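Engineer: Got a structure here, written out as structure tokens. Questions coming.
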Amino acid sequence: MKFNKQKSPQAEKEFGGTLGATCIPVFLPLTVLYLLCVCRSPVASVLQWPPVLPPTAQLWDPLAPVLILGWMALQSFFYLLPMGKVSEGMVLKDGSRLKYPINGFHALCITAVLLTLSLWLGMPLGYLFELLLPLAVCAIGVSFLLSLYLYISSFWAPHHALAQGGNTGNPLYDFFMGRELNPRIGSFDLKYFCELRPGLIGWVVINFGMLMKEVELRDSASLAMILVNGFQLLYVADALWNEEAVLTTMDIVHDGFGFMLVFGDLAWVPFTYSLQAAFLVVHPQSLSPLGATAIVTLNVCILHLNICAGYYIFRKSNSQKNQFRRDPTHPSVSKLETIATATGKRLLVSGWWGLVRHPNYLGDLLMALAWSLPCGFNHLLPYFYVVYFTVLLIHREARDERHCRAKYGLAWDSYCRRVPYRIFPYIY
């Protein structure tokens, strides 16, 4: 295939441009390692100075690369199994549609069976707690290596296969954003595979390892640990059950596959989203006998209301959006009010999408809060995910805003007048 150095016209730089693309790949991996170190420390203070630094020996274990590469290979094998249906993605620049296997939920179920078998065989799954730092180091290393491969291989991709935002001609920026939109090895789609498989299912496995470590230390799992595991398992299972919906998201449709997504999928998600479970291993939440019943009842009620409301809004709004994008004439969305655009597409202005512009983000944030509440209120660390996710979604909403305004023009301005609130009704 011809070597392709052609740049995309007028590609607008994001994430602070070249400076951001240079600094983020340095500071985000250090942030992951720092948070894991803080999580294991007695004080668990993210503001502690001097910061908690582990001995070099704690950063490496020869078992870690074996587990990381074995995990990637196992999930790749599940991806290639002929189970589930095959779905088509959105139309590409050349008018074609790529095909994707919808079998992520099958992979989760098979993984659950293998975990059960491991327990039956007496494997020490709680040892994952000791391996968290070495595993994170290896996942970060794999992220850099895969990103480098993707950047180099993208020069042999046809021009229509490149992502506009990651094809600026600046090596540092393009390495970070990703030059190629849908890099594949044969029919194996690397971006789609990483989006929901090794990191998301790995998050659940790490959580379960933390639960087993707590059982080793205290003979039983705490209510807080069970709630964290249960809520986050529900989130992952739902994402994989509705895997087809990811084919219409910005990550798949718009963003190239570079370090930004690779690191997020393989290192950031499994090792920062599991912070609550890791925190509870070292900092168990105890309840006094006198107030136990009242506190547990109140906490569970708050959690129940948050998680149910968040999950319902998140799933209903995402399902509504996905169905409308795929088939606007479907009975479930055909009666919703819309605004016509010059592109021939229509914008939803009723249902969940008439309440705020991003109701799925609102549901996500409610669930994030519910995951942190079991960890109590004495430490900031378990709420890192809520703070980070709020910043992430506000930033992503701003990216969506720029993209949609450029794409839909006056129709988007009309939509914004009809739906003035972005994420939080009557607030933002």
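Engineer: On the given criteria, is Y235 hydroxyl-bearing (S, T, Y), in contact (Cβ under 8 Å) with a residue 12 or more places away in the chain and under 25 Å from L148 (Cβ atoms)? Before you say what the answer is, go through the steps one by one.
Structural biologist: Values: hydroxyl-bearing (S, T, Y): yes; in contact (Cβ under 8 Å) with a residue 12 or more places away in the chain: yes; under 25 Å from L148 (Cβ atoms): no.
No; evaluated as a whole, the condition is false for this residue.
Engineer: Ok, one more. Out of the range 162-172, which residues are assigned to a helix (DSSP H, G or I) and either without any contact (Cβ under 8 Å) to a residue 24 or more places away in the chain or out of contact with any strand residue (DSSP E or B) (no Cβ under 9 Å at 6 or more places or on another chain) (or both)?
Structural biologist: Selection gives Q164, G165, P171, L172.
Engineer: Sticking with this structure for a sec: Only one of L128, L115, L135 is under 30 Å from R40 (Cα atoms) and open to solvent by less than 20 Å² (accessible area, probe 1.4 Å). Can you tell me which?
Structural biologist: Numbers: L128 fails: open to solvent by less than 20 Å² (accessible area, probe 1.4 Å); L115 fails: open to solvent by less than 20 Å² (accessible area, probe 1.4 Å).
Testing whether each residue is under 30 Å from R40 (Cα atoms) and open to solvent by less than 20 Å² (accessible area, probe 1.4 Å) leaves just L135.
Engineer: How many residues does the range 66-91 hold that are assigned to a helix (DSSP H, G or I), touching a residue at least 24 places away in the same chain (Cβ under 8 Å) and farther than 19 Å from A267 by Cβ?
Structural biologist: 3
Engineer: Further, regarding this structure: Taking the criterion of being within 30 Å of C404 (Cβ to Cβ), assigned to a loop (DSSP other than H, G, I, E, B) and in the same structural domain as H106 (by TED's automatic domain parsing), would at least one residue in the range 214-224 satisfy it?
Structural biologist: No, there is no match, as no residue in the range 214-224 is within 30 Å of C404 (Cβ to Cβ), assigned to a loop (DSSP other than H, G, I, E, B) and in the same structural domain as H106 (by TED's automatic domain parsing).
Engineer: Among the residues of the range 11-34 satisfying the criterion of being open to solvent by 50 Å² or more (accessible area, probe 1.4 Å) and not in a helix (DSSP H, G or I), which is nearest to L392 (Cα to Cα)?
Structural biologist: So, considering only residues that are open to solvent by 50 Å² or more (accessible area, probe 1.4 Å) and not in a helix (DSSP H, G or I), the one nearest to L392 (Cα to Cα) is F15.
Engineer: Got a sec? Which of F175, F208 is in contact with a Phe, Trp or Tyr (Cβ under 6 Å, 6 or more places away or on another chain), assigned to a helix (DSSP H, G or I) and either free of Cβ contacts under 8 Å to residues at least 24 places away in the same chain or open to solvent by 30 Å² or more (accessible area, probe 1.4 Å) (or both)?
Structural biologist: Of F175, F208, the one residue that is in contact with a Phe, Trp or Tyr (Cβ under 6 Å, 6 or more places away or on another chain), assigned to a helix (DSSP H, G or I) and either free of Cβ contacts under 8 Å to residues at least 24 places away in the same chain or open to solvent by 30 Å² or more (accessible area, probe 1.4 Å) (or both) is F175.
Engineer: Report whether or not W371 is among the aromatic types (F, W, Y), modelled with pLDDT of 70 or more and surrounded by 18 or more Cβ atoms within 10 Å (Cβ to Cβ).
Structural biologist: Details: among the aromatic types (F, W, Y): yes; modelled with pLDDT of 70 or more: yes; surrounded by 18 or more Cβ atoms within 10 Å (Cβ to Cβ): yes.
So W371 fits the description; yes.
Engineer: Name every residue in the range 391-408 that is touching a residue at least 12 places away in the same chain (Cβ under 8 Å) and either farther than 23 Å from K13 by Cβ or open to solvent by 30 Å² or more (accessible area, probe 1.4 Å) (or both), in order of residue number.
Structural biologist: Of everything in the range 391-408, those that are touching a residue at least 12 places away in the same chain (Cβ under 8 Å) and either farther than 23 Å from K13 by Cβ or open to solvent by 30 Å² or more (accessible area, probe 1.4 Å) (or both) turn out to be I394, R396, R402, H403, K407, Y408.
The values are calculated or read from the model by the stated rules, or taken from the named source; none is laboratory data. What you see is a predicted model, and the numbers here were worked out from it, not measured in a lab. Reconstructed Cβ throughout: ideal geometry from the backbone, glycine too, with neighbour counts over all protein chains shown. Heads up: the accessible areas ignore ligands, DNA and RNA and are worked out on the full protein's heavy atoms, side chains in. Shrake-Rupley method; radii C 1.70, N 1.55, O 1.52, S 1.80 Å.
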